[in-house]
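Enquirer: The following block contains the structure, expressed as structure tokens.
What follows is calculated from the coordinates using simple rules that are stated; it is not laboratory data. Not measured: the values here are computed from a predicted model. Heads up, the Cβs are rebuilt from the backbone with ideal geometry, glycines too, and the neighbour counts pull from every protein chain shown.
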Amino acid sequence: MGRVPTTAGLSGRGAFVIATGDVGGSYRLPFRRLFWVPIGMSAALVLLALAGLAVVAWRGMEGIRPLQTHLHRIARIQDMALSMEQTLLEGLRGAHIDPTDIDRLRLDVTRLAAMDGHMHPETPARLAQVAEGLDMARLHPVDGLVESMAAVRQVLAGEREYHRQLLDKVAGDTALELRLAVALLGIVPLAGGGLLLVLRARIKHPLDDLGNLLGRLAARDYRPVAQTALTESTALVQPVLHSYNELVCRLQDLEADHRARQQTLQREVRKATEALLAQSRELARAERLAAVGAVSAGLAHELRNPLAGIQMACGKLRRGLTDPAQLTRVESVINELKRLSELLTVKVDAARHEPEVPVRVHLQTLVNDLLSLTRYQAPPGVALVADIPDALECVLPAAGLRQALLNLVLNAIQVQDAEGRVTLRAHRQDHQLVLEVEDEGPGFPEETLRAGVRPFATGRIGGTGLGLAIVRRFTRDHGGELELGNRQPHGARVTLRLACAAVPIGDDGAEPHA
């Protein structure tokens, strides 16, 4: 179709760029407005609220400072009054009043009068009266102290009145600040709610439309957005809708290519399956012939011994005969026996084969390849499952092992119904490799479990009875064991135990059989 969409990304200036190839050009979604505007407005509201709370807190601290200062000065006045009372009491008791005590009191009064601000307006004049009384106390201590005490009481009364006024002012300011804080707490949520409404109208609805379009893609609905919808949509989402149309056009092309490739793949798989089935039939025929050859070789081996005895007896008989006619007949018999013995030797030599060279075998790879081929022979409802550790490796005859497993898997597939499961497991136990093939078929007959594996003995219609015999021969040739059993509630299990030679580290080549 000539449309190749490129990858979308973020431009360096904060705009979301959607490139649609050589047809539609590049569209820039104003990503900065989508992201920074609501964040900026939220941040401004939060900062405004924090600033208002900071001002309220600052004003509260400023209102408390005069109270603290005034309380400190009242405390000093009270200390001075207490000192005067103690001095006066000493004088009333008849004790001599030291002039230095009066000078000290006079100095305290002077320092209090020198303080500026945060005091009652009449306090300086009253402190002056206290100072005059202390001056008179130099001549008449008791009278002067009494007069000074009266003036101090007036100072304390005035300062208490002034302190009450300060408290009233702080209480009024605090109430005002509380109303301001409550107002801020009400304004910020309202402003946030208004902001959410704006975002809902400008962002949520376009995103919902985009989500519906993506849902159509998930359902493989590749219809483009109508031109009327493009025209009526907001400027914010028009670039996205244009890009969506380009995307669905490209997906239509890819879907058509996918269907064509799927049809081609199905044809190729069908051809490969037919070839595999033909090879499997040929292999089964070869296995049957090999089993017949093994039986023939065993029979020939058993026949050669009695034939050799007969030949030796005929030779002794020939040495004791003198009649030419009888000698000729015995010679003919001996010659036929020699020919028959040579024929049996040829048959035995033909059945004898060289052992396969063991190599390093990665069990998981071998089993996965085997199941990949046999899966085409299994009905659709039969599952083939492999449970092989990834690190399991042994030195074994690869072709013989593969052939033995193939026989077991094919037998398990053939006894299944329309649905079932064939499982192949493997693990190392001591110095042995344990392989298990399980199915969900009817299981082995009791006669087979009792008598063991016998060539040409089969309970399946059309079976040759040679598959398990070949597996048993391979197992025995390599020092292993073959075990048959049934599973509960139904199904069969075949277990192979083979000597598993250790794999030398760093060696990927062939290994001698251990």
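Enquirer: Starting from the 7 Å offset along Cα-to-Cβ, what nm value, one decimal, do you get for the label separation of Ala383 and Asp173?
Expert: 7.9
Enquirer: Can you compute 3J(HN,Hα) from phi for each residue in the range 258-273, using the Karplus curve 6.51 cos²θ - 1.76 cosθ + 1.60 with θ = phi - 60°, rounded to whole Hz and x for Gly and Pro?
Expert: Computed from phi, the couplings for the range 258-273 are 5, 4, 5, 5, 5, 5, 5, 5, 4, 5, 5, 5, 5, 5, 5, 5 Hz.
Enquirer: Sticking with this structure for a sec: Can you tell me the order of 404-413, 54-63, 260-269 when each peptide is scored by its average per-residue count of other Cβ atoms within 10 angstrom, highest first?
Expert: On the way: 404-413: 22.6, 54-63: 13.3, 260-269: 10.1.
The peptides rank, most packed first, as 404-413, 54-63, 260-269.
Enquirer: Right, another one. Hey, any idea what the orientation-averaged projected area of the convex hull of the range 359-499's Cα atoms comes to, in nm²? Show your work: numbers first, answer last.
Expert: Values: hull surface 33.1 nm².
Dividing the Cα hull surface by four gives the mean projection, 8.3 nm².
Enquirer: Still on this structure, I have one more. What's the ranking of 169-182, 428-441 by average number of surrounding C-beta atoms within 10 Å, highest first?
Expert: Details: 169-182: 13.4, 428-441: 17.7.
Per-residue mean Cβ counts within 10 Å order the peptides as 428-441, 169-182.
Enquirer: Using 0.36 nm per residue, how much length does the chain from Ser83 to Tyr222 gain when fully extended, once their Cα-Cα distance is taken away?
Expert: Details: separation 139, 0.36 × 139 = 50.04 nm, distance 9.95 nm.
Here the segment from Ser83 to Tyr222 would lengthen by 40.1 nm.
Enquirer: How much space per residue, in cubic angstrom, does the convex hull of the C-alpha atoms of the range 48-195 take up? Could you put the intermediate results ahead of the total?
Expert: Numbers: hull volume 14.4 nm³, N = 148.
Each residue corresponds to 97 Å³ of Cα convex hull volume.
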